[in-house]
Amino acid sequence: MNEFSVLVVDDEKEIRDAIEIYLKNEGLTVVQARDGIEAIEMLDTHQIHLIVMDVMMPRLDGISTTFKIREQKNIPIIILSAKSEDTDKVLGLQIGADDYVTKPFNPLELIARVKSQLRRYVTLGTYEGKTELINLNGLTLDKDAKEVAVNGESVKLTPIEYKIVELLMCNPGRVFSITDIYERVWKEPSYNAENTVAVHIRKIREKIEIDPKNPRYLKVVWGIGYKMEK
């Protein structure tokens with residue numbers, strides 16, 4: 001995993017240094033930031049594949065930082081939160097964080113969650129470390145930058161929305177059932193996932209389709225599932 005870089009954001013140097021040791025032992029490159037402002041600056045100068053970020057920080061806290069990052073990037077974010085910060089933890093997930101770890105954390109748990117999020121972010125197949133563009137009639141997927149554009153205009157997708165689009169665009173014309181989509185994207189068994197997937201599909205259409213009720217790209221195959229039109 002030495003091709004991947006993790007940004008660790010925490011105002012306590014001892015915590016940053018400890019996390020860096022754990023992650024470097026797993027072959028990851030680690031960059032540090034003391035607060036949200038430094039974190040955003042680091043994203044402009046470093047290629048970052050995942051962020052581990054504390055909630056309570058001076059200048060710009062973890063929640064505000066997550067919100068600002070999500071305006072531009074789909075990099076997975078793992079929130080670090082104390083047990084007393086459950087409200088912030090929930091809010092963080094609602095605005096785009098991908099996971100959370102409660103302080104004091106078990107190093108093995110943190111490592112497992114980092115590896116899990118990296119796998120989800122860099123691949124639904126195999127990460128090749130190079131730019132790969134997929135274009136379907138004006139709908140473009142940049143697998144390296146994890147970005148989607150329609151006729152050159154960037155579309156702001158949540159991490160889950162992006163993963164659904166990536167799955168479908170990497171397999172144009174192939175129909176995926178709701179169970180397939182849920183288990184491939186969420187990486188867990190599908191139980192009553194119909195509404196969850198349908199909500200995400202609706203939001204994706206609102207962002208990529210000129211007329212979401214008459215979609216050009218993301219099609220439903222009634223009784224079977226969804227596909228991305230070739």
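The values are calculated or read from the model by the stated rules, or taken from the named source; none is laboratory data. Remember, predicted model here, so these are calculated numbers, not experimental data. Cβ placement follows ideal geometry from the backbone for every residue including glycine, while neighbour counts extend to all protein chains displayed. Keep in mind that these areas ignore ligands, DNA and RNA; they rest on the heavy atoms of the full protein, side chains included. Shrake-Rupley method; radii C 1.70, N 1.55, O 1.52, S 1.80 Å.
The table for this structure:
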item	result
In the stretch 1-96, the GluC sites (Glu not before Pro) that fall in loop regions by DSSP, at most 16 other Cβ within 10 Å	Glu3, Glu12, Glu26, Glu71
Dimensionless Rg over Rh [the stretch 129-208; C-alpha; Kirkwood]	0.96
Dipole of the chain [Lys/Arg +1, Asp/Glu -1 at C-beta], most positive-end residue of Leu168, Leu28, Asn214	Asn214
Environment charge of Gly96, counting only residues whose C-beta is closer than 11 Å and scoring Lys/Arg +1, Asp/Glu -1	+1
Sparsely packed chymotrypsin sites (Phe, Trp or Tyr not before Pro) within the stretch 137-230, loop by DSSP, other Cβ within 10 Å at most 13	Tyr191, Trp222
Rg/Rg_ref, the stretch 1-88, where Rg_ref = 2.2 N^0.38 Å and atoms are Cα	1.01
Among Met169, Met53, Met42: highest mean-square fluctuation, GNM of the chain, C-alpha pairs under 10 Å	Met42
Charged-residue dipole, Cβ positions (Lys, Arg, Asp, Glu), the stretch 101-230 about Cα centre, Debye nearest 20	160 debye
P(r) histogram, all alpha-carbon pairs of the chain included - 10 Å bins from 0, percent	7, 32, 34, 20, 6, 0
Proximal lysines to Lys68, defined as alpha-carbon separation beneath 21 angstrom and excluding residues fewer than eight positions away on the same chain	Lys89, Lys146, Lys156, Lys163, Lys203, Lys207
Asn214-His46 pseudo-label distance in nm [points 7 Å out on the Cα-to-Cβ vector]	5.0 nm
Apportionment of accessible area to carbon and sulfur, the stretch 1-123, percent (1.4 Å)	50 percent
Dipole magnitude (debye, nearest 20) for the chain, charges at Cβ of Lys, Arg, Asp, Glu	900 debye
Cβ charges +1 (Lys, Arg) and -1 (Asp, Glu), total dipole of the stretch 1-63, debye	100 debye
Carbon + sulfur, % of accessible area of the stretch 134-208 - ligands and nucleic acids excluded, 1.4 Å	44 percent
